[in-house]
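Working notes, structure below.
Just so it is clear, none of the values below were taken in a lab; they were calculated from the coordinates. Only a predicted model underlies this, so the values are computations on that prediction, with no experimental measurement involved. With ideal geometry, Cβ positions are generated from the backbone for all residues, glycine too; neighbour counts draw on all protein chains shown.
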């Protein structure tokens, strides 16, 4: 994976497969602490202790087409390579939360990449369920995006309707620009 | 900021189409979005299909996702099913191929043979 946003796209698929109704994604940059923290939290079916213990192994998977599952191990490796940490917590019947921190100035830190395209792909791929909530934060500037609000405004019209997808694209672009522009002014 | 009033307008405008679409079987474009697909470049392929469908105003085409289709070395893979026809599987799809697949296959019903899994198999056996 060349981008952290591709890891996010991949890991959220686990939440979707786990039957989540809400997936909360947080991407938080902290300049003072020199960290980037990525959190993915879902209310899916969760894992028992046995599966949780071996889920960071590349040889653990729930799919049946093959015996390897690389999503979580690759993300963990990436965080640890960047002086970061990786934790995963899960309770059967309650959900799963995974958190990775990275040293932001680390040379091996991959680019965040196109998080907007990741969100669009997630919504397009799973338009009915779950809902997604994204928090994108750079120091004190933040942007919150929540499909529950959009769904409410749309009523029976699905999120994958092209006109809706276009609105979502514009809304995400505006939100990201806002967070990033303020940040750039400050660092100049 | 994008306003929710705009969403309300979209709702008014598209509700009839949405209901109409629910009543009859349309074309499905399904992109493999497991770790293998994503690492091979499925995200831009999926969004390219959305853009193309949106640009052409194709009302009865749905772009969707699935997990690992089972042949990771051929990812990104895309399965296209036209109403009443067997599924066609495209392999090693790039965003550049999308416009041709939509024009020839989705709109005009002519499968782009050279991009299909059958063509990839024949190539392997050479």
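Among A:119, A:165, which is more than 7 Å from chain B (Cβ to nearest Cβ) and within 18 Å of residue B:48 (Cα to Cα)?
Numbers: A:165 fails: more than 7 Å from chain B (Cβ to nearest Cβ).
Exactly one of A:119, A:165 is more than 7 Å from chain B (Cβ to nearest Cβ) and within 18 Å of residue B:48 (Cα to Cα), namely A:119.
Inspection of region A:110-127 finds no residue satisfying the criterion of being crowded, with 18+ Cβ neighbours inside 10 Å, farther than 30 Å from residue B:62 by Cβ and in contact (Cβ under 8 Å) with a residue 12 or more places away in the chain. Could you list, in sequence order, the residues of region A:146-165 that are over 12 Å from residue A:124 (Cβ atoms) and either part of a helix (DSSP H, G or I) or touching a helix residue (DSSP H, G or I) at 6+ places or on another chain (Cβ under 8 Å) (or both)? Listed by number, the residues that qualify are A:148, A:149, A:150, A:151, A:152, A:153, A:154, A:155, A:156, A:157, A:163. Kindly indicate whether any position in region A:55-64 is part of a helix (DSSP H, G or I) and within 14 Å of chain B (Cβ to nearest Cβ). Looking through region A:55-64, none of the residues is part of a helix (DSSP H, G or I) and within 14 Å of chain B (Cβ to nearest Cβ).
Report whether or not residue A:51 is exposed (fewer than 14 other Cβ atoms within 10 Å of the Cβ), in contact with a strand residue (DSSP E or B) (Cβ under 9 Å, 6 or more places away or on another chain) and more than 15 Å from residue A:4 (Cβ to Cβ).
Numbers: exposed (fewer than 14 other Cβ atoms within 10 Å of the Cβ): yes; in contact with a strand residue (DSSP E or B) (Cβ under 9 Å, 6 or more places away or on another chain): yes; more than 15 Å from residue A:4 (Cβ to Cβ): yes.
It is true that residue A:51 is exposed (fewer than 14 other Cβ atoms within 10 Å of the Cβ), in contact with a strand residue (DSSP E or B) (Cβ under 9 Å, 6 or more places away or on another chain) and more than 15 Å from residue A:4 (Cβ to Cβ).
The set of residues in region B:72-105 being within 14 Å of chain A (Cβ to nearest Cβ), out of contact with any helix residue (DSSP H, G or I) (no Cβ under 8 Å at 6 or more places or on another chain) and touching a residue at least 12 places away in the same chain (Cβ under 8 Å) consists of B:79 alone. One residue stands out in region A:9-49 among those that are within 8 Å of the chain's Cα centre (by Cα) and in a helix (DSSP H, G or I): the one that is nearest to residue A:172 (Cα to Cα), namely A:9.
Would you check if there is a residue in region B:16-33 being buried (at least 22 other Cβ atoms within 10 Å of the Cβ), assigned to a helix (DSSP H, G or I) and more than 7 Å from chain A (Cβ to nearest Cβ)? The answer is no; no qualifying residue exists. Identify all residues within region B:106-119 that are surrounded by 19 or more Cβ atoms within 10 Å (Cβ to Cβ) and either at positive phi or touching a residue at least 40 places away in the same chain (Cβ under 8 Å) (or both); write none if there are none. Hit for region B:106-119 is B:106, nothing else. Scanning region B:106-121 for residues that are touching a helix residue (DSSP H, G or I) at 6+ places or on another chain (Cβ under 9 Å) and not in a helix (DSSP H, G or I) turns up B:110, B:111, B:112.
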